[in-house]
Amino acid sequence: MSSLEVSLDGAFWRFSARLGVGVRRSLGRLGAISWILYQCFWHGLRLRWHQLGVVLEVTRTQIRFTALDALSLTCFTAFLMGGITLLQVFGQLSAFGAETYLSRLLAKLVIRELGPLMVAIIVIGRSGTAIAAEMASMKLSGEVDSLWASGMNPVQYLLIPRLLGGIVSIFTLIVFFGAVALLGGFFLAWLWLPLSWRAFLDSLGKVIGSRELAITLVKSMLFGTFIPLICAYCGLRVQASPTEIPQAVTKAAVYSLVVVLVGGAVVSVMLYG
Amino acid sequence: MLEDATWELARGAKLRVKGPSSHGTTAFLRLCAGLIHPQSGQVHLEGEPLSPYRFSHPFLDRGGLAWVPQDGGLLVNQTLLVNVALPLRFVRGLSKVEAEKRALEWLERVGLSSLAQRRPHAMPPQERWMGALARSAASGAELWLVDPPQGGLSPALRQKTQELLDSVTGDPTITVLLVEDGPWLTDPPRDWIQLAEGSLSTGSTP
């Protein structure tokens, strides 16, 4: 074997190994998050009655921060998104004389796709990053260690409330987003466009059904489970230095966004494809 | 840190952990608490190994361990009162009212009742550490792992700490491991365990 063949052979394997590192890391993260999810499920089943009270207290705080404090931002975004979408869609449809499809198109766009996606982005930006930073600073300051050593299971006290809070908050915010985007959007468009309120509502009533409720529920469960888990996982991975906190927060936001985009697309294809 | 070391801590023992600075006395306590794990070998608590892949251990789950780290390790987003009461509610199953009442009693004993509604970040390090001591005392733990606060204690706090430790750990069934880092107690335990050059040795000061 010539030396040229050997060096080519070596370069090929080095290139393959470099490709493999990325795949291995991604699979490793996926495995770690699945393992944390399993731990949440398992330790959630092992919660005792008196512990449930403490967990629900923390969950209530999480819901306040994630849902209640984000409600005004969510409604404002929904109002603008609904209005702009309605104006754009009306412009396109009226060119073909198909204004009657307006509410159907808007309902599908807002309830099925835009609402869950925008809410997930708001929650990642407001609460997901906060969870990652909080977990990272708790880990570095020894608070997580103290919980464990005091017999307070960190999965039960830290992760399960954030997971429950995430699911409840995202479901609530998606419902509010949909309502404000549709009704507020209609109101905004009604100021400029010749739209009938009754016809709009009648048409909406025909479009929104159990399927829309199902997709809202499925996406709430998916996003509400994975956003807090991924963010907590990224935060708890810090090792020694406060300089790791911003890196953990960035990773948390990016991974959560990827999961939301891919997961949302998969759910939509499965339910409507 | 340690190589080829086997050691058993008898129930009721009271020991000082001695060792030159940076020889891993704090790490040794963390090892005993299951917060770090040996590269090879195992640490057992009441015969049950501490595993890095489990979030529970029978001894820890029943609140058997009192962990007092250098910085107190209190939850910064909760008040001192909630910090002391939380293990009583979560581990011992007391009601919120009962747990906070008992927590306040212990805070009074260490002279921190006036700071009960403060959050730990608004307290000096020594008082945070005393808060962790009160949390451990309130929980009624069987094994105490105590690392003294950075910067030491004032004579008044040292006296208060000594009184608290004497009253709580006087019970012959309670086991205590205290890191010796300067004269932070007025009457430290006579028995000791020393970490030096990767090995463990034990002894007693006459």
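The values are calculated or read from the model by the stated rules, or taken from the named source; none is laboratory data. Here the structure is a predicted model, which is why all the values come from computation and not from measurement. A quick note on method: Cβ atoms are made from the backbone with ideal geometry, for glycine too, and the neighbour counts reach across all protein chains shown.
Exactly one residue out of A:S150, A:S127 is touching a Phe, Trp or Tyr at 6+ places or on another chain (Cβ under 7 Å) and facing chain B (nearest Cβ under 8 Å): that is A:S150.
Of the candidates A:A120, A:A132, the single residue that is more than 21 Å from A:M270 (Cβ to Cβ) and either surrounded by 24 or more Cβ atoms within 10 Å (Cβ to Cβ) or over 14 Å from the mean Cα position of the chain (by Cα) (or both) is A:A132.
Consider B:A66 carefully, then state whether it is in contact with a helix residue (DSSP H, G or I) (Cβ under 9 Å, 6 or more places away or on another chain), within 14 Å of chain A (Cβ to nearest Cβ) and part of a helix (DSSP H, G or I). Answer is no for this residue. Residues of the stretch B:150-177 that are within 26 Å of B:A99 (Cα to Cα) and outside any helix (DSSP H, G or I): B:G170, B:D171, B:P172, B:T173, B:I174, B:T175, B:V176. The set of residues in the stretch B:69-116 being among the hydroxyl-bearing types (S, T, Y) and assigned to a loop (DSSP other than H, G, I, E, B) consists of B:T79, B:S95.
Say we look at the stretch B:117-126 and pick out the residues that are out of contact with any Ser or Thr (no Cβ under 9 Å at 6 or more places or on another chain) and in a helix (DSSP H, G or I); which of these is nearest to B:L157 (Cα to Cα)? For the stretch B:117-126, the residue satisfying everything is B:P125. Scanning the stretch A:171-217 for residues being among the aliphatic types (A, V, I, L, M), under 19 Å from A:I84 (Cα atoms) and part of a loop (DSSP other than H, G, I, E, B) gives a total of 3.
The residue list B:R109, B:R89 contains one member that is closer than 13 Å to B:A138 by Cβ and more than 10 Å from chain A (Cβ to nearest Cβ), which is B:R109.
For the stretch B:127-149, a tally of residues being outside any loop (DSSP other than H, G, I, E, B) and either of a type in the set (F, W, Y) or more than 20 Å from B:P87 (Cα to Cα) (or both) returns 2.
Of the residues B:L104, B:L88, the single one that is surrounded by fewer than 20 Cβ atoms within 10 Å (Cβ to Cβ), of a type in the set (A, V, I, L, M, F, W, C) and more than 21 Å from A:Q62 (Cα to Cα) is B:L104.
Which residue pairs have Cβ atoms closer than 8 Å, lie 6 or more positions apart in sequence or on different chains, and pair a first residue in the stretch A:44-57 that is facing another protein chain (nearest Cβ under 9 Å) with a second residue that is surrounded by 14 or more Cβ atoms within 10 Å (Cβ to Cβ) and of a type in the set (K, R)? Here the result reads A:H50/B:R89; A:G53/B:R89; A:G53/B:K96; A:V54/B:R89, each pair linking the stretch A:44-57 to a residue that is surrounded by 14 or more Cβ atoms within 10 Å (Cβ to Cβ) and of a type in the set (K, R).
For (1) among the polar types (S, T, N, Q); (2) in contact with a Cys (Cβ under 8 Å, 6 or more places away or on another chain); (3) within 11 Å of chain A (Cβ to nearest Cβ); (4) surrounded by fewer than 18 Cβ atoms within 10 Å (Cβ to Cβ), each residue gets a yes or a no:
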site	(1), (2), (3), (4)
B:V97	no, no, no, yes
B:W129	no, no, no, no
B:D147	no, no, yes, no
B:T161	yes, no, no, no
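Only one entry in A:R60, A:R104, A:R18 is basic (K, R), in a helix (DSSP H, G or I) and at pLDDT 90 or above, namely A:R60.
Just so you know, in the stretch B:71-85 the residues that are surrounded by fewer than 20 Cβ atoms within 10 Å (Cβ to Cβ) and within 9 Å of chain A (Cβ to nearest Cβ) include one that is farthest from B:A132 (Cα to Cα), and it is B:N77.
Does the stretch A:98-113 contain at least one residue that is buried (at least 19 other Cβ atoms within 10 Å of the Cβ), within 14 Å of another protein chain (Cβ to nearest Cβ) and either under 26 Å from B:S56 (Cα atoms) or more than 16 Å from the chain's Cα centre (by Cα) (or both)? No; the residues of the stretch A:98-113 include none that is buried (at least 19 other Cβ atoms within 10 Å of the Cβ), within 14 Å of another protein chain (Cβ to nearest Cβ) and either under 26 Å from B:S56 (Cα atoms) or more than 16 Å from the chain's Cα centre (by Cα) (or both).
When each of A:V260, A:V267, A:V238, A:V249 is tested for being buried (at least 18 other Cβ atoms within 10 Å of the Cβ) and assigned to a loop (DSSP other than H, G, I, E, B), the lone residue that passes is A:V238.
Checked against the criteria, A:G224 does not count as more than 30 Å from A:S210 (Cα to Cα) and either of a type in the set (V, I, T) or surrounded by 13 or more Cβ atoms within 10 Å (Cβ to Cβ) (or both). A:W190 passes every criterion in (1) of a type in the set (F, W, Y); (2) more than 24 Å from A:L261 (Cβ to Cβ); (3) modelled with pLDDT of 80 or more apart from (3). Being modelled with pLDDT under 90 and over 17 Å from the mean Cα position of the chain (by Cα) is a condition met by no residue of the stretch B:24-31.
Restricting attention to the stretch A:131-147, the residues that are within 17 Å of A:Y233 (Cα to Cα), at the interface with chain B (Cβ under 7 Å from one of its Cβ atoms) and assigned to a helix (DSSP H, G or I) add up to 2.
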